[in-house]
Every structure is written in structure tokens, then in C-alpha cells.
1. Filter region B:134-170 down to the residues that are among the hydroxyl-bearing types (S, T, Y) and exposed (fewer than 14 other Cβ atoms within 10 Å of the Cβ), then identify the one that is nearest to B:L241 (Cα to Cα).
2. Have a look at A:R31, A:R27 and point out the one that is surrounded by fewer than 21 Cβ atoms within 10 Å (Cβ to Cβ), in contact with a strand residue (DSSP E or B) (Cβ under 6 Å, 6 or more places away or on another chain) and in a loop (DSSP other than H, G, I, E, B).
3. Need the failing condition index for B:S124 against (1) more than 30 Å from B:R18 (Cα to Cα); (2) open to solvent by less than 30 Å² (accessible area, probe 1.4 Å), just the number.
4. Can you find a residue that is within 30 Å of A:L47 (Cβ to Cβ) and crowded, with 17+ Cβ neighbours inside 10 Å anywhere in region B:66-89?
5. So if I check each of B:P214, B:P203, which one is open to solvent by 10 Å² or more (accessible area, probe 1.4 Å) and either among the aliphatic types (A, V, I, L, M) or within 23 Å of B:G93 (Cα to Cα) (or both)?
6. Kindly indicate which of B:F249, B:F222 is in a helix (DSSP H, G or I), open to solvent by 60 Å² or more (accessible area, probe 1.4 Å) and modelled with pLDDT of 95 or more.
7. Pull up region A:64-99, narrow it to residues that are within 9 Å of chain B (Cβ to nearest Cβ) and charged (D, E, K, R), then point me to the one that is farthest from the chain's Cα centre (by Cα).
8. Does region A:40-51 contain at least one residue that is under 13 Å from A:V145 (Cα atoms), within 8 Å of another protein chain (Cβ to nearest Cβ), within 14 Å of the chain's Cα centre (by Cα) and open to solvent by less than 30 Å² (accessible area, probe 1.4 Å)?
Amino acid sequence: MISFANVRKQYPVRDGVKTILHDLSVRLPRRNIAILGENGAGKSTLLRLISGSEQPDAGEIHRHAKVSFPLGFAGSFNGSLTGNENARFVARIYGQDTDRVLDFVREFSQLGEHLSMPVRTYSSGMRARLAFGVSLAIDFECYLVDEITAVGDSRFQKRSKAAFKEKLEQANIIMVSHSNSTLRDYCDMGAVLHEGRLTIYDDLKDAISQHEVNQSR
Amino acid sequence: MSAVLTSSFGKALMCQVRVVGALILREMRVRFGRSQLGYLWAVAEPLAYVAAFSAMFHYLDRHPPFGSSMALFFATGILPFQLFRNLGTQLAGAFSANQALLTYPIVQPIDTIVSRAILEAATSLFIILVVLSAFVISGSAPMPANIMRLFEALALLSLLGFGFGLASAVIITRINAWQNVTRLIMAPMLFMSGVFYSLDTLPMQARAIVVWNPVIHGVEMFRDGYYSNYRADEVASLYLLVCGLLLTFVALTIERTIRGRIE
């Protein structure tokens, strides 16, 4: 469970400030939550706030669970290090057994020889597979996923879906995606971020229809 | 309650030690590459300075400013100087170079500073040890006269480099152009820090200026520790200490006020 108490987050933009969260107080239950919102509403920022990699301007966020880092395209990998070295680094900072993590990553990502090549030689799909493998190798209680499930070929998508489904027996997911079908696959409730306000919907269907109303305005 | 506090503090500390350790290993890989050759380059750099300047001064038919060996005089200048310079420049870039790592909420900005500081100081000490040992073993220099004095100089220069680098890193997060200011300060430092001369041999007017540079006090202190009869009357170790502490204190204060907004 993650709770927000009077959280405010703003960004300076060319003409003034953009408010992403306006005094938000909410408790996100231990469920699989889809986050919806139009482009630029601040969905990725919201995920970074939840993970703790970004701080709110005011208010507090409490995490009563081991929350992952946001899994997205924005690479946190060092290009001159190999896939293995990057995976080893993440395993170390989270205090995991590095051999176990490397085994899992090799098995899951199917990157083979590429794992001993510098990450800068990877395509964006390969990077995403590495990122996916690394985060799934670490046991988080809440996975934050940002637009990343649509990578790779259908075989990889199937494999990652299966791996996630297995994880989601003990863990939860908070997901940002533009694909409603992906959201329906993983999530059972929704939250719509619109003009600085986050509205929680117990049923994902209601969240999606509200999001569509917002978009057509 | 206090037991709970201590254990959660202990846990946080353990976590930070783990993160800093992982960062050091990662940084080593990036900087020195996969082979031991990377470390060789780090040692080669000050040696190249020593060789080039000794040769130059030799052909200019100049006497060493102190002692009989030109190479030893330069080495005892460039070695402590590069400890300060490497700490300063590497730390100044720590936040910007490791920005992507802050995606991992477990990595705090200050961890990237601490890990770079440890790696830089250790590398510089290693270089100093290798170069000076080479001098002593080859018989071209005596053993240092006062090892404690050497370490005192290195510790104070490390503190100064840490303060300078941390302050720069923090300011750069707000004012990007500060990178250029840092470079502007560092560029004349080699000539302002007594690497090529001793304070004692400078004309009074020049001495009155360079004596404000805290680095020269560290360099002169290092020579004072190496040579048994070095003239180091004007060395003020307290001034060097105060400068280092002041920079560190100011940097930490600024870091605290803008924490969480390092972007």
C-alpha cells in the first residue's frame, strides 16, 4: 500500500508552472492499478514519485512495500558497461545474490552473447529486455511499469506476460500504458490523472471511459 | 524505541555502504576498463609530467629549486597536486555523470559523491605509492623524512579537493555554466600551486599572491615531509584545513536546502 498525504508536484514550463499533482491525498490499495491520462499529464512523473526517485514539492509519500524503480525506456544502464555488468550493479545495490540475478536475466532476456557486450550496442528492444529481466529478478512487492510491455516480438511478450503473471501472485503492479488492452491484461482498477487531480476508480472500465471522455474534450 | 531506531539506522547505513560499494566497482569498470592497463594510464600521467618538465629544465640548464634531483622535486609537487585536482574535477561532475542512476530510488545523489571520492583518493594514493617507491627502489631518492607529515598533507589536500568538488557539483545542478568556472579555476592551478617552484624561492610580490592559494600549502607541506631540511616556514596547515572545512560546510548546506531537487 502506498499513501499520499497532501502531495504537490509542479514543473516549471515556458509560461509559468504546470501542476502535475495538486494537493493529493490518497491511499493506493494493494491491487493492480492502471494509470491513465493524456500526453503530458504527468503519468511518468507520478511513477517516479511513487518509486521515490523524485521528491514531491510538498507533502509526503509513504511506501509500505518494497517498490521497484520505474521500468521504462529511459535507460539507467551505462552504455560502456556490458549487460551483465549493469545487471550485476543493480543486483548489488538491492543486496541480491548477483549470480542468481545473472542466471535469471540470461534465461529471461534471451540476449545470449550480447550480455557480454556493451549496452550501447543494444537496440532499444534489447535494452528493454535487459531492464525487464533485471527488475523481475529482484523480488519487489510493487512493480512500476512505464510503457514498456509492448517491446520485443510476440514470443518475448508472451514470456514477459507469463513471468509477470507469476510475480503478480505475490506482488502488485502499477502501470502506465497507452494500450487499453495491455492495461486490461494486467490491471483490475484504474486511476485517471487529469489537470493536476488523480481520481481512483474501483473498476478499470470506469477509469477507461472517464479517460476517453477527458481526451475527447 | 531506541533499539528500533538504532536498527533502522543500522539498516540504512548498511544499505548505503552496499550502494557506495556497488558504485565504486561500477565506476572502476567505466574508468579503467576491463584490463589492468587502465590503471597503468593513471600512473603514466604524472610520470609524463615529471619526465617532460625535468627534461625541459635540464636543457634550460636550470638547477632544481630545491635538492639535487629535478625529477624528485617535480614528483613531490605533481603527486600531491594531482590528488587535489583529480578529486576536485571528478567530484564536480559526479551528479551530472550519474544522473541516470538516480532512476534507482535506492541511490542517493550523495552516494555518487562518496563513491567517487573514495575511488579518486585511493587511486591517487596508489599512484603516489607506486611513483615514490620507484624513486626509492631505483636509488634516485632517499626515503621520505617524515611520513606522518606526508599523510597530513595528503589528508588536508583530500579534504580541500572534496570540498571544492562537492561545492562545484552542487552549484552545477543549479547553474550549468559553473562547469566552465570550475575549469577556469583549475586551469592555472598547476602553476599557482608550487609544482615548479618552492614558495621560498619566489620574489616577495609573487609570494604575497600565491600564498592565498590553499593548494600550495598542501604541496609545500608534502615536500616538507619528504625532504629532511625543506624550508617551509610560510606553510599554514591551519589555513588549508579551514579552507577545506569551509568549502565542505558551505557545499553541504546548499545541498541540504536544494535536496530532492537535484535534476
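The values are calculated or read from the model by the stated rules, or taken from the named source; none is laboratory data. Since we're looking at a predicted model, the values are computed, not measured. Here the Cβ is made from the backbone with ideal geometry for all residues, glycine too, and neighbour counts use every protein chain on show. SASA here: full protein model, heavy atoms, side chains in, ligands and nucleic acids out. Shrake-Rupley method; radii C 1.70, N 1.55, O 1.52, S 1.80 Å.
1. Within region B:134-170, the first condition is being among the hydroxyl-bearing types (S, T, Y), and the residues that meet it are B:138, B:140, B:158, B:168.
Among the residues that remain, those that are also exposed (fewer than 14 other Cβ atoms within 10 Å of the Cβ) are: B:138, B:140.
Details: B:S138: 35, B:S140: 32 Å.
Only one residue tops the list, namely B:S140.
2. On the way: A:R27 fails: in a loop (DSSP other than H, G, I, E, B).
That would be A:R31, the only listed residue that is surrounded by fewer than 21 Cβ atoms within 10 Å (Cβ to Cβ), in contact with a strand residue (DSSP E or B) (Cβ under 6 Å, 6 or more places away or on another chain) and in a loop (DSSP other than H, G, I, E, B).
3. (1)
4. No, region B:66-89 has no match at all.
5. Details: B:P203 fails: either among the aliphatic types (A, V, I, L, M) or within 23 Å of B:G93 (Cα to Cα) (or both).
Exactly one of B:P214, B:P203 is open to solvent by 10 Å² or more (accessible area, probe 1.4 Å) and either among the aliphatic types (A, V, I, L, M) or within 23 Å of B:G93 (Cα to Cα) (or both), namely B:P214.
6. On the way: B:F222 fails: open to solvent by 60 Å² or more (accessible area, probe 1.4 Å).
One residue alone meets the criteria, B:F249.
7. A:E85
8. Checking region A:40-51: at least one residue is under 13 Å from A:V145 (Cα atoms), within 8 Å of another protein chain (Cβ to nearest Cβ), within 14 Å of the chain's Cα centre (by Cα) and open to solvent by less than 30 Å² (accessible area, probe 1.4 Å).
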